[in-house]
Amino acid sequence: MDWHAMLFQGWEGIIRTVLVGVLAYATLVLFLRISGKRTLAKLNAFDLVVTVALGSTLSAILLQESIALTEGATALVLLIAMQFLVTFLSVRSRAFAGAIRSEPALLARGGAYCDGAMKRERITRDEALSAVRAAGGHGVENVETMILESDGTISVSLAG
């Protein structure tokens, strides 16, 4: 096994990684600023996929010499443009929005769990109780409403 080649393959690769890394990072930041806040918002599963894909693409641009900066920048623009298109259509079409984004689910109301909804959403009573405590309550009896939001967070309104 060639330990030297495994640990250090020369300055050319390091210089390429630094140069392309700085340029790719600057390109991504510029594109994100142009596209607006929604591109990286924590709103739904599609937004998460785009966020992960942007990170993966940036990583590939940095580490794979076979990917030119312009090709990587094109991939970043494509992901951001697709995100923009999906959000544009979601705002204008309720049916499209419903296909992309999950609806909130009522997990508890009036001090009682909605067991069917909790089972459907795969939320345990321990997870729900943790959300109640985070909101300042002590138990489900303190809950006016508990909602599993579209982004996966649990909102709790306490009674009284």
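The values are calculated or read from the model by the stated rules, or taken from the named source; none is laboratory data. As the structure is a prediction and not an experimental result, all values here were calculated from the model. Every residue, glycine as well, gets a Cβ built from its backbone with ideal geometry; the counts of neighbours run over all protein chains shown.
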Of the residues in the stretch 51-68, those that are buried (at least 16 other Cβ atoms within 10 Å of the Cβ) and either touching a Gly at 6+ places or on another chain (Cβ under 9 Å) or under 14 Å from GLN83 (Cβ atoms) (or both) number 7
Report the residue count in the stretch 109-129 for those that are closer than 14 Å to GLY152 by Cβ and loosely packed, with under 12 Cβ neighbours inside 10 Å. 1
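A quick yes/no check of all residues on (1) more than 30 Å from VAL140 (Cβ to Cβ); (2) without any contact (Cβ under 8 Å) to a residue 24 or more places away in the chain:
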position: GLY10; (1), (2): yes, yes
position: LEU32; (1), (2): yes, no
position: SER56; (1), (2): yes, yes
position: LEU63; (1), (2): yes, no
position: LEU79; (1), (2): yes, no
position: LEU85; (1), (2): yes, yes
position: PHE88; (1), (2): yes, yes
position: GLY110; (1), (2): no, no
position: ASP115; (1), (2): no, yes
For the stretch 131-151, how many residues are of a type outside the set (D, E, K, R), surrounded by 13 or more Cβ atoms within 10 Å (Cβ to Cβ) and out of contact with any Ser or Thr (no Cβ under 6 Å at 6 or more places or on another chain)? 9
What about GLN83, is it more than 23 Å from SER155 (Cα to Cα), among the polar types (S, T, N, Q) and loosely packed, with under 15 Cβ neighbours inside 10 Å? no
Please go through the stretch 100-112 and give me each residue that is outside any helix (DSSP H, G or I) and among the aliphatic types (A, V, I, L, M), ordered by number. ALA105, LEU106, LEU107, ALA108, ALA112
Somewhere in the stretch 136-156, is a residue in contact with an Asp or Glu (Cβ under 9 Å, 6 or more places away or on another chain) and either touching a residue at least 60 places away in the same chain (Cβ under 8 Å) or of a type in the set (Phe, Trp, Tyr) (or both)? yes
Check on GLY13, in the same structural domain as VAL132 (by TED's automatic domain parsing) and in contact with an Asp or Glu (Cβ under 9 Å, 6 or more places away or on another chain): no
